[in-house]
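The values are calculated or read from the model by the stated rules, or taken from the named source; none is laboratory data. Note that the structure is a prediction, hence the values are computed from the model and not measured. Note that each Cβ is placed from the backbone with ideal geometry, even for glycine, and that neighbours are counted across all protein chains shown. Side chains included, ligands, DNA and RNA excluded: accessible areas come from the protein's heavy atoms. Shrake-Rupley method; radii C 1.70, N 1.55, O 1.52, S 1.80 Å.
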Amino acid sequence: MFELNGKVQHYPWGGNRFIPELLGISNEENRPFAEYWMGIHPSSPSIIQLSKNAFTGLPDLIRSEPQRYLGKDLMYSFGDLPFLFKILDVKDMLSIQVHPSKTEAEKGFDAEEAAKIPMNAPNRNYKDRNHKPEIMLALSDFWLLHGFKNADLLLETLSNYEVFNKLIPVFEQSGYKGLYQFVMEMPQDELNSLLQPLADKVIPLYNSGEIPKSSPDFWAARAFLTYPEVLDRGIFSVYFFNLVNLKLGEAIFQGAGVPHAYLEGQNVELMANSDNVLRGGLTPKHVDVPELLKHTLFEPIVPQVMYTQTNTQETVFECPVPDFCLSFVQLGKNESFKCTANGPEIWFILEGNGIASAITKVDLLRGKAFFVAAGETISVKTDSGLEWVKALVPK
């Protein structure tokens, strides 16, 4: 069990207090701390502390003895750490986006490599050849968009907003794909004439505090104000997708092709080891509507919220992929916990403190992260209480 130092991502949409306070570091410059990455992704690999004055990269540690750190089965099936673990602080809404399947990611990556698009180019879509399914666990009241509404709800939305009435026959005749493609490919002048009346209506109500967060009007108004330079076609997604409010301790899984966007809040996010994102709006980053449409799942989704169990120390959130699952452990005062790692794990301490006994004793403190080797047995004790999340692989 080694202490792990992750990497902070200072994306503009991030908050400036939550992650610095969690990690116990200063932010005198008031920079946005959007994400804290823990893993081996080439763009931000973590550092492992071997001893007081000795450090190495997590990728180097694993590749020095892959069977020891990954376990024999995982070494042959994946060859490396299969997941990427993050802490997020979403102050401003993220882009409308989807993630590709593994097969499509391989095709897209190879095509961009053949086209000699630099890895750090702003128009690069595929940073690797992997899929990016993901699960998130809310650390606060959290708002997101997740998949298309069912047909009745979507028709109700189109009917209730006069500006969207003209879209009803498009949906009735061409379904989800026809509707979404119609608005996402709409010429900007037509889009302006459609969305400007909506902006004129919702912005004053938002500014006067008359719209609850449970209304898509709230998030549409915030989007209009966040990106005032041009009316953004991502606004349609605010009305077409399910608006989901997760409470502390609730989780949701998002597979390949599910369109989504994070709107506000803090969370733990666990995904396959990938940074492939196809964006369709509400972002200053590269938007590629044709690529987004190519990979979007055009069918209704009923959000499946998962809940933390209150009558057990550990809740394991299973996911329909072999790459990862997420565990949340809660210990009360003077409680203990023992586990054996099925494969490699990354732990992040959310609250409290305790002591972990493995080959050596390790202090578990708020904001600290640790890498656990496959097969390692760890005993944890706490006097005051302790909460942590674990990224791990399914048994």
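Does residue 353 satisfy the criteria of being surrounded by fewer than 17 Cβ atoms within 10 Å (Cβ to Cβ), over 27 Å from residue 94 (Cα atoms), of a type outside the set (A, V, I, L, M) and modelled with pLDDT under 95? So residue 353 fails the test. Scanning region 293-312 turns up no residue that is among the hydrophobic types (A, V, I, L, M, F, W, C) and crowded, with 20+ Cβ neighbours inside 10 Å.
Pairs meeting the criteria (first residue in region 291-319 and without any contact (Cβ under 8 Å) to a residue 40 or more places away in the chain, second residue assigned to a loop (DSSP other than H, G, I, E, B), beta carbons under 6 Å, at least 6 apart or on different chains) are 315/308; 315/309.
On the basis of being open to solvent by less than 60 Å² (accessible area, probe 1.4 Å), free of Cβ contacts under 8 Å to residues at least 40 places away in the same chain and under 30 Å from residue 222 (Cα atoms), does residue 167 make the cut? Quick ask: steps written out before the conclusion?
Details: open to solvent by less than 60 Å² (accessible area, probe 1.4 Å): yes; free of Cβ contacts under 8 Å to residues at least 40 places away in the same chain: yes; under 30 Å from residue 222 (Cα atoms): yes.
Yes, satisfied.
Just to be sure before I move on: is residue 297 in contact with a Gly (Cβ under 8 Å, 6 or more places away or on another chain) and at pLDDT 95 or above in the structure I sent? Steps first, answer last, please.
Values: in contact with a Gly (Cβ under 8 Å, 6 or more places away or on another chain): yes; at pLDDT 95 or above: yes.
Spelling it out, residue 297 is indeed in contact with a Gly (Cβ under 8 Å, 6 or more places away or on another chain) and at pLDDT 95 or above.
Filter region 239-292 down to residues that are under 18 Å from residue 308 (Cβ atoms) and among the aliphatic types (A, V, I, L, M) and give me whichever is surrounded by the most Cβ atoms within 10 Å (Cβ to Cβ).
270
Scanning region 212-235 for residues that are in contact with an Asp or Glu (Cβ under 9 Å, 6 or more places away or on another chain) and either open to solvent by less than 20 Å² (accessible area, probe 1.4 Å) or hydroxyl-bearing (Ser, Thr, Tyr) (or both) yields 219, 223, 224, 226. In region 17-34 there is at least one residue matching the filter, namely being in contact with a His (Cβ under 6 Å, 6 or more places away or on another chain) and not β-branched (Val, Ile, Thr). The residue that is farthest from the chain's Cα centre (by Cα), among those in region 318-328 that are part of a strand (DSSP E or B) and crowded, with 20+ Cβ neighbours inside 10 Å, is 328. Of everything in region 341-350 that is hydrophobic (A, V, I, L, M, F, W, C) and under 21 Å from the mean Cα position of the chain (by Cα), the residue that is surrounded by the most Cβ atoms within 10 Å (Cβ to Cβ) is 347.
Listed residues 134, 156, 113; which is under 26 Å from residue 242 (Cα atoms), surrounded by fewer than 16 Cβ atoms within 10 Å (Cβ to Cβ) and at pLDDT 95 or above?
Working: 134 fails: surrounded by fewer than 16 Cβ atoms within 10 Å (Cβ to Cβ); 113 fails: under 26 Å from residue 242 (Cα atoms).
Criteria check complete, one pass: 156.
The residue of region 356-387 that is most open to solvent (accessible area, probe 1.4 Å), among those that are more than 25 Å from residue 18 (Cβ to Cβ) and free of Cβ contacts under 8 Å to residues at least 40 places away in the same chain, is 361.
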